[in-house]
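A short write-up of the structure that comes next.
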Amino acid sequence: MPHDHHHHHHHVSAETGDRNLALAVLVNLGLTVAQIVGGLLSGSLALIADALHNLSDAVSLVIAFAARRIARKPADAGMTFGYGRAEMVAALINYTTLILLAIYLAYEGVMRLFAPEDVEGWMVVIIAAIALVIDAVTALLTFAMSKSSANIRAAFLHNLADALGSVAVIVAGTLILLYDWRLADPIVTLLISAYILWHALAEVPGVIRMLMLATPPGMDISEVSQRLAATPGVASIHHLHLWQMQEHEAALEAHVVIEEGHWAQADAIKATLKQALAERYHIHHATLELECAAHACEAPRLIGHG
């Protein structure tokens with residue numbers, strides 16, 4: 001909805017969030033080592049696949065942690081809009097690594113379909129069960145923050161996919177134990193790959209849109225322009241730009257043509273417009289260039305600046 005941009009994003013304090021992320025990183029690094037050793041000893045590709053994904057979890061959490069810290073820095077001469085977009089850059093990096101990881105796992109899984117290898121079922125099941133517990137704990141540590149941050153959501157999806165991967169690995173190990181069905185290992189690897197790809201590709205467009213200065217989701221630019229143009233004393237609106245400075249902060253700039261005979265009320269009209277933007281759309285960063293009707297831009301476009 002248009003007026004949700006400033007709500008629901010202070011559930012977890014900065015200190016608690018940072019502590020949760022740091023703890024999640026340590027837990028994931030320990031698990032990665034255990035899974036790689038277990039995968040090599042047992043011959044399970046699915047377990048090594050899960051370990052690689054876990055390593056990417058740890059890296060994604062480190063990136064998310066660093067981005068959170070950078071995003072809190074105040075604006076300065078070099079970054080006049082502030083550092084809030086660091087979190088979106090981090091989210092894009094994390095989703096990109098997820099996609100590359102999924103493609104690599106798919107390749108390895110297909111190779112093993114044609115040449116199944118012996119897998120030590122018990123070791124796979126035990127290590128994957130431990131991994132599942134740790135993945136669940138890590139996901140819980142980041143869940144509350146993931147609701148309001150694309151950056152943390154990317155890291156959370158790493159963990160959620162990993163937890164499901166652990167479940168799948170347990171299923172594969174059990175099938176190998178019960179039926180000596182070695183194809184279960186590459187099939188499970190392919191399923192993990194498909195799930196990761198599905199999630200990452202669903203989230204990436206939103207992150208890219210924000211980095212491309214797209215109109216905030218849920219905001220109708222024609223509705224915003226019509227509401228501004230309908231304000232008493234306003235003749236028309238043009239050169240309108242509407243974008244997200246960061247995930248929860250929208251910004252707007254526009255040229256506002258003041259009706260003939262109303263220039264004396266120009267400041268009051270501007271104040272009315274800014275109040276409407278703040279109350280209706282939660283846009284608190286609005287730059288409005290006022291033009292008198294006699295000297296307005298020639299043949300202007302509503303959107304853009306060409």
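When every residue of the stretch 108-126 is checked against the conditions, none turns out to be closer than 23 Å to A67 by Cβ and either assigned to a helix (DSSP H, G or I) or touching a Lys or Arg at 6+ places or on another chain (Cβ under 7 Å) (or both).
Table: residues versus (1) closer than 20 Å to H295 by Cα; (2) of a type in the set (A, V, I, L, M); (3) at pLDDT 95 or above.
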residue	(1), (2), (3)
S222	no, no, no
H239	yes, no, no
A251	no, yes, no
E259	yes, no, no
H262	yes, no, no
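Identify the residue in the stretch 35-59 that is under 17 Å from S193 (Cα atoms) and among the hydroxyl-bearing types (S, T, Y) and, among all such residues, is least open to solvent (accessible area, probe 1.4 Å).
Kept after step one, since they are under 17 Å from S193 (Cα atoms), are these residues of the stretch 35-59: 44-57.
This time we only want the ones that are among the hydroxyl-bearing types (S, T, Y), so: 44, 56.
Working: S44: 0, S56: 20 Å².
Selected residue: S44.
Answer with yes or no whether E298 is acidic (D, E), open to solvent by 20 Å² or more (accessible area, probe 1.4 Å) and either within 24 Å of F156 (Cβ to Cβ) or at pLDDT 90 or above (or both). If you could, list the steps in order and put the result at the bottom.
Values: acidic (D, E): yes; open to solvent by 20 Å² or more (accessible area, probe 1.4 Å): yes; either within 24 Å of F156 (Cβ to Cβ) or at pLDDT 90 or above (or both): no.
Criteria not met by E298.
On the basis of being within 30 Å of A91 (Cα to Cα) and either surrounded by 13 or more Cβ atoms within 10 Å (Cβ to Cβ) or free of Cβ contacts under 8 Å to residues at least 40 places away in the same chain (or both), does I269 make the cut?
On the way: within 30 Å of A91 (Cα to Cα): no; either surrounded by 13 or more Cβ atoms within 10 Å (Cβ to Cβ) or free of Cβ contacts under 8 Å to residues at least 40 places away in the same chain (or both): yes.
Here the answer is no, as I269 does not meet what is asked.
Exactly one residue out of P232, P216 is open to solvent by 60 Å² or more (accessible area, probe 1.4 Å), outside any helix (DSSP H, G or I) and either closer than 24 Å to E289 by Cα or in contact with a helix residue (DSSP H, G or I) (Cβ under 8 Å, 6 or more places away or on another chain) (or both): that is P232.
Examine the stretch 109-116 for a residue that is aromatic (F, W, Y) and either open to solvent by less than 30 Å² (accessible area, probe 1.4 Å) or under 30 Å from R19 (Cα atoms) (or both), and state whether such a residue exists.
Just the residues of the stretch 109-116 that are aromatic (F, W, Y), to begin with: 114.
Those still in the list that are either open to solvent by less than 30 Å² (accessible area, probe 1.4 Å) or under 30 Å from R19 (Cα atoms) (or both) too: none.
Checked the stretch 109-116: no residue is aromatic (F, W, Y) and either open to solvent by less than 30 Å² (accessible area, probe 1.4 Å) or under 30 Å from R19 (Cα atoms) (or both).
The values are calculated or read from the model by the stated rules, or taken from the named source; none is laboratory data. Small disclaimer: the values here were computed from a predicted structure and weren't measured. Here Cβ is always computed from backbone atoms with ideal geometry, including for glycine, and neighbour counts include all displayed protein chains. With ligands, DNA and RNA removed, areas are computed over all heavy atoms of the protein, side chains included. Shrake-Rupley method; radii C 1.70, N 1.55, O 1.52, S 1.80 Å.
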